[in-house]
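Undergrad: Mind having a look at this structure? Questions to follow.
The values are calculated or read from the model by the stated rules, or taken from the named source; none is laboratory data. All values reported here derive from a predicted model rather than from experimental measurement. As a convention, Cβ positions derive from the backbone with ideal geometry for all residues, glycine included, and neighbour counts pool all protein chains shown. Surface accessibility is based on the protein's heavy atoms, side chains included, excluding ligands, DNA and RNA. Shrake-Rupley method; radii C 1.70, N 1.55, O 1.52, S 1.80 Å.
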Amino acid sequence: MSRILLLGGGHARPPLLHRLARLKRAGHDLGLVAPAPQFWTEAISPILAGRVDPTAASLDAAAMAARHGLYFFDDDITRIDPAAGQVHRRQGEPLGFDLLSIAALALTRPLPGTQDHPRCFATRPLPRLLALHKALVERFRQHPGRAVALTIAGGGITACGLALALIALAAREGGHIAITILTRGRLLTRLPEPAGVRLIEALAAHGTILQEMAPVLRVEGNEAVLEGGDRIAFDLLLNATGAAGPAWLRDSGLPVDADGRLLTDAALGVPGFARMIAAGEAVRPAEGHHPGWPALANNLAALAGGRPAQPTPRQPPPCLIDLGDGTALATWGRWWIQGGPALWALRWLEGRWLL
């Protein structure tokens, strides 16, 4: 039987661990390496909107691993040695493996001038978003009549969805927020065009300023410096420029893209490393395929059983965004819908552990 090592907090999802526990019952040894405190990603938007208490996002990876009979190592990964079949970690001895599943938590692309800046936050790691929530609430309560100027660098689906959640937070707290979204290219190109227009209209209805073709080069003081030399003053800034992989992926000699995200084939295997598989935000699968947690569990089970892994779906997972007007926007590939049923589906999903 195989020694199967799970690297990264992306595995700390109750449905995923439940599926992977079947490998334990089949006689394989399973170990999870991740910091014990983890966060439920799907809870972030309702938390930022003020509808859910921030403690709801907290997960105890150690307790979940113990519940499913997995060995747990509360540690950070520093390097993988594929040739030796070992994972090096910050505090303990190296761990050996026969099969390796990588679900590293992504970081946000670095933006010069934001590191350690007390007024700058990022979409990843998730505690930084919780810190932004706290900072906004404090400002709303200390200065109830003053609008907080929030600049968001990045204009993707995540950035726009978070902007709507923070607008809802201001309304709930009786505060005021003035949001400026600055994007390198065009807004919301991953959505069907009519759905993108609806989302832009929802943001504009709340006074959000949207600037396309306005990449932020760096932050100086409390100003975002744009490529053309313009400066945008802010009270708070959110770096939402996209996902980047942790440095240890590149340091391990694994194939990564320009942002350090791990490259995989269509079946989520790591090219050149037959006993590795990966999924999550820090992964970039080939040929337009989309990494999914069910595919990770199924293909890891296949490899453990000596069977070939199967290609993952090309279609992206569904996306649901609360528009704040009693409706939600739901998209799946090129299909989209807006209305109350989409909001009902979103609320139902927020109440479940998603896979």
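Undergrad: Enumerate the pairs (first residue in the stretch 271-288 and in a loop (DSSP other than H, G, I, E, B); second residue anywhere and among the β-branched types (Val, Ile, Thr)) with beta-carbon separation below 7 Å, excluding pairs fewer than 6 apart on the same chain, so at least 6 apart or on different chains.
TA: Ala286/Thr264
Undergrad: Out of Gln310, Gln338, which single residue is free of Cβ contacts under 8 Å to residues at least 60 places away in the same chain and either open to solvent by 20 Å² or more (accessible area, probe 1.4 Å) or touching a His at 6+ places or on another chain (Cβ under 7 Å) (or both)?
TA: Gln310
Undergrad: Moving on to the next point. Confirm whether Ala301 is surrounded by 15 or more Cβ atoms within 10 Å (Cβ to Cβ), of a type in the set (A, V, I, L, M, F, W, C) and not in a helix (DSSP H, G or I).
TA: Taking the combined requirement at face value, the residue does not satisfy it.
Undergrad: Return yes or no: is Gly161 without any contact (Cβ under 8 Å) to a residue 40 or more places away in the chain, closer than 17 Å to Gly50 by Cβ and buried (at least 20 other Cβ atoms within 10 Å of the Cβ)?
TA: For Gly161, the condition - without any contact (Cβ under 8 Å) to a residue 40 or more places away in the chain, closer than 17 Å to Gly50 by Cβ and buried (at least 20 other Cβ atoms within 10 Å of the Cβ) - is not met.
Undergrad: For the stretch 18-49, which residues satisfy the criterion of being in a strand (DSSP E or B), hydrophobic (A, V, I, L, M, F, W, C) and touching a Lys or Arg at 6+ places or on another chain (Cβ under 8 Å)?
TA: If we filter the stretch 18-49 for residues that are in a strand (DSSP E or B), which is where we start, we get 29-33, 37-39.
Filter once more, keeping what is hydrophobic (A, V, I, L, M, F, W, C): 30, 32-33, 39.
Answer for the stretch 18-49, where residues must be in a strand (DSSP E or B), hydrophobic (A, V, I, L, M, F, W, C) and touching a Lys or Arg at 6+ places or on another chain (Cβ under 8 Å): Leu30, Val33.
Undergrad: Just need a number here: residues in the stretch 39-58 that are at pLDDT below 85 and crowded, with 20+ Cβ neighbours inside 10 Å.
TA: 3
Undergrad: Now for a different question. What is the one condition in (1) among the small types (Gly, Ala, Ser); (2) touching a residue at least 40 places away in the same chain (Cβ under 8 Å); (3) open to solvent by 40 Å² or more (accessible area, probe 1.4 Å) that Ala66 does not satisfy?
TA: (2)
Undergrad: Would you say Ala304 is under 28 Å from Leu59 (Cα atoms), touching a residue at least 40 places away in the same chain (Cβ under 8 Å) and not hydroxyl-bearing (Ser, Thr, Tyr)?
TA: Yes.
Undergrad: Continuing with the same structure: Among the residues of the stretch 83-138, write down those that are closer than 20 Å to Arg284 by Cβ, touching a Lys or Arg at 6+ places or on another chain (Cβ under 7 Å), modelled with pLDDT of 95 or more and small (Gly, Ala, Ser).
TA: Passing the criteria: only Ala122.
Undergrad: Only residues that are open to solvent by less than 10 Å² (accessible area, probe 1.4 Å) and either touching an Asp or Glu at 6+ places or on another chain (Cβ under 7 Å) or closer than 25 Å to Leu249 by Cα (or both): list them for the stretch 10-32, please.
TA: Step one: of the stretch 10-32, the residues open to solvent by less than 10 Å² (accessible area, probe 1.4 Å) are 10-12, 16-17, 20-21, 30-32.
Answer for the stretch 10-32, where residues must be open to solvent by less than 10 Å² (accessible area, probe 1.4 Å) and either touching an Asp or Glu at 6+ places or on another chain (Cβ under 7 Å) or closer than 25 Å to Leu249 by Cα (or both): Gly10, His11, Ala12, Leu16, Leu17, Leu20, Leu30, Gly31, Leu32.
Undergrad: Checking the structure you have, find out if any residue of the stretch 184-197 is touching a Gly at 6+ places or on another chain (Cβ under 8 Å), open to solvent by 10 Å² or more (accessible area, probe 1.4 Å), hydroxyl-bearing (Ser, Thr, Tyr) and not in a helix (DSSP H, G or I).
TA: yes
Undergrad: Could you give every pair whose Cβ atoms fall below 6 Å, whose first residue belongs to the stretch 192-215 and is more than 14 Å from Asp325 (Cβ to Cβ), and whose second residue is open to solvent by 50 Å² or more (accessible area, probe 1.4 Å), counting only separations of at least 6 or pairs across chains?
TA: Note: pairs meeting the criteria are Pro192/Arg334; Pro192/Trp336; Ala195/Trp336; Glu212/Arg186; Pro215/Arg184; Pro215/Glu227.
Undergrad: Only residues that are within 19 Å of Leu105 (Cβ to Cβ), of a type outside the set (Val, Ile, Thr) and open to solvent by less than 40 Å² (accessible area, probe 1.4 Å): list them for the stretch 256-295, please.
TA: Asp257, Gly260, Leu262, Leu268, Met276, Ala278, Ala279, Gly280, Ala282, Pro285, Gly292, Ala295
Undergrad: Out of the residues in the stretch 98-107 that are open to solvent by 20 Å² or more (accessible area, probe 1.4 Å) and in contact with a strand residue (DSSP E or B) (Cβ under 7 Å, 6 or more places away or on another chain), which is nearest to Gly272 (Cα to Cα)?
TA: Filtering first and then ranking leaves Asp98.
Undergrad: Given the stretch 51-100, what strands (runs of 3 or more DSSP E) lie entirely inside it while holding 1 or more residues that are within 29 Å of Glu350 (Cα to Cα)?
TA: Numbers: elements: 58-60, 71-73, 77-81, 86-89.
Because the criterion is at least 1 residues that are within 29 Å of Glu350 (Cα to Cα), the strands (runs of 3 or more DSSP E) in the stretch 51-100 that meet it are 58-60, 71-73.
Undergrad: Regarding Ala266, is this residue part of a loop (DSSP other than H, G, I, E, B), farther than 30 Å from Ile200 by Cα and in contact with a Ser or Thr (Cβ under 7 Å, 6 or more places away or on another chain)? If you could, list the steps in order and put the result at the bottom.
TA: Values: part of a loop (DSSP other than H, G, I, E, B): yes; farther than 30 Å from Ile200 by Cα: yes; in contact with a Ser or Thr (Cβ under 7 Å, 6 or more places away or on another chain): yes.
Taking the combined requirement at face value, the residue satisfies it.
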